[in-house]
């Protein structure tokens, strides 16, 4: 069991490290967000008396990187189904639960590595130096986010059969998830509708938790955010398990 989980985890890590283009794009995308949004909104943010926009935006950029990289990993599962790797794996005596867990841990680990690199660079540029305890708390939020959306990507990769439809569906889902998470603008003072949509979005709790840990400016209690993320991750893991169990060899 442990060997299977480890091998599937290692396969995701090696696949990521071998694909240099994927590595570069995964690291470049957050910085495009940081530069484009930061330069555009920083003056407005400062005039409104909200402080430094780059400091506010950095956790949102980290969260965006985790979101996009983990959910799009569902495409790897879809390709593995089409090229027969999943078929070979499923006919083995190993439980599907462990196969799914190994893949999800690998995807989450890759996203976490990217998040750490992006966080270090963003915090350096913003001139923010959190304590070790706050860094550990931010890492916990990042890990839960990575697992949550790795399982979500597994759900999509299990139920969909066409790569083009997968890409269109993911774009349709992720765009509102990102912009309604408090990643690019504060939720304080927003309309009841916007706040309601944001608080029904699990990404909101991850980004707000990381923002509180890294910059000291959180809207919600960190224990509440951790609890919501933990429960949502467990529910998504259950959904992924159900979807993955319906794949036929």
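General observations
- Matching helices (runs of 4 or more DSSP H) fully within region 117-220 where at least 1 residues are in contact with a strand residue (DSSP E or B) (Cβ under 8 Å, 6 or more places away or on another chain): none
- Checking residue 89 against (1) modelled with pLDDT of 75 or more; (2) surrounded by fewer than 24 Cβ atoms within 10 Å (Cβ to Cβ); (3) touching a helix residue (DSSP H, G or I) at 6+ places or on another chain (Cβ under 7 Å); (4) within 17 Å of residue 12 (Cα to Cα), the condition it does not meet: (1)
- For first residues located in region 182-205 and at positive phi, partners that are part of a helix (DSSP H, G or I) and lie 6+ apart or on another chain with Cβ distances below 7 Å form the pairs 182/198; 182/204; 182/207; 182/208.
- Flag if residue 10 is part of a helix (DSSP H, G or I) and at pLDDT 75 or above: yes
- When region 62-86 is limited to residues that are surrounded by fewer than 22 Cβ atoms within 10 Å (Cβ to Cβ) and not in a helix (DSSP H, G or I), the one that is modelled with the highest pLDDT turns out to be 72.
- Counted residues, region 219-249 - those being within 26 Å of residue 56 (Cα to Cα), over 19 Å from the mean Cα position of the chain (by Cα) and free of Cβ contacts under 8 Å to residues at least 12 places away in the same chain: 2
- Number of the condition not met by residue 167 [criteria: (1) within 21 Å of residue 110 (Cβ to Cβ); (2) free of Cβ contacts under 8 Å to residues at least 60 places away in the same chain]: (2)
- Count - residues of region 201-214 that are farther than 15 Å from residue 149 by Cα and surrounded by fewer than 23 Cβ atoms within 10 Å (Cβ to Cβ): 1
The values are calculated or read from the model by the stated rules, or taken from the named source; none is laboratory data. In this text, all values refer to a predicted model and were calculated from it rather than measured experimentally. Don't worry about glycine lacking a Cβ; one is built from the backbone with ideal geometry, like all the others, and counts go over all protein chains shown.
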